[in-house]
Amino acid sequence: MKKDIHPDYQECKVTCTSCGNTFTTRSTMKEIRVGVCSQCHPFYTGKKGRVLTEAGRLEKFQKKYQGVNYGQRTEV
């Protein structure tokens, strides 16, 4: 093998931005931030949790823009 061409394989701290869980693994990067981990993902926990709250996005959008006229014709 050639010397000095491979990246440094070191310990890495992984942080979940959703729940704050951290764990250590090995990688070529020093720190990794993930959006979801095995501690908060519904598949692993068996809970519906955050997925349930995101299901109402359409209703939230409709409530936010309720009564806004986008140039549609009004019935007379």
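The values are calculated or read from the model by the stated rules, or taken from the named source; none is laboratory data. The structure presented is a predicted model; accordingly, all values stated were derived computationally and were not measured. All Cβ positions, glycine included, derive from the backbone under ideal geometry; neighbour counts span all protein chains shown. The accessibility values were calculated without ligands, DNA or RNA, using every heavy atom of the protein model including side chains. Shrake-Rupley method; radii C 1.70, N 1.55, O 1.52, S 1.80 Å.
Here residue 49 meets the list (1) surrounded by 10 or more Cβ atoms within 10 Å (Cβ to Cβ); (2) modelled with pLDDT of 80 or more almost entirely, failing just condition (2).
Annotation: residue 20 fulfils all but one of (1) modelled with pLDDT of 85 or more; (2) open to solvent by less than 70 Å² (accessible area, probe 1.4 Å); (3) more than 15 Å from the chain's Cα centre (by Cα); the unmet one is (3). Residues that are hydroxyl-bearing (Ser, Thr, Tyr) and over 21 Å from residue 45 (Cβ atoms) within the range 25-34 comprise 27, 28, listed in sequence order. On the basis of being touching a Phe, Trp or Tyr at 6+ places or on another chain (Cβ under 8 Å), modelled with pLDDT under 85 and of a type outside the set (Asp, Glu), does residue 27 make the cut? It is false that residue 27 is touching a Phe, Trp or Tyr at 6+ places or on another chain (Cβ under 8 Å), modelled with pLDDT under 85 and of a type outside the set (Asp, Glu).
Look at (1) at pLDDT 90 or above; (2) under 13 Å from the mean Cα position of the chain (by Cα) and you find that residue 13 fails only one, number (2).
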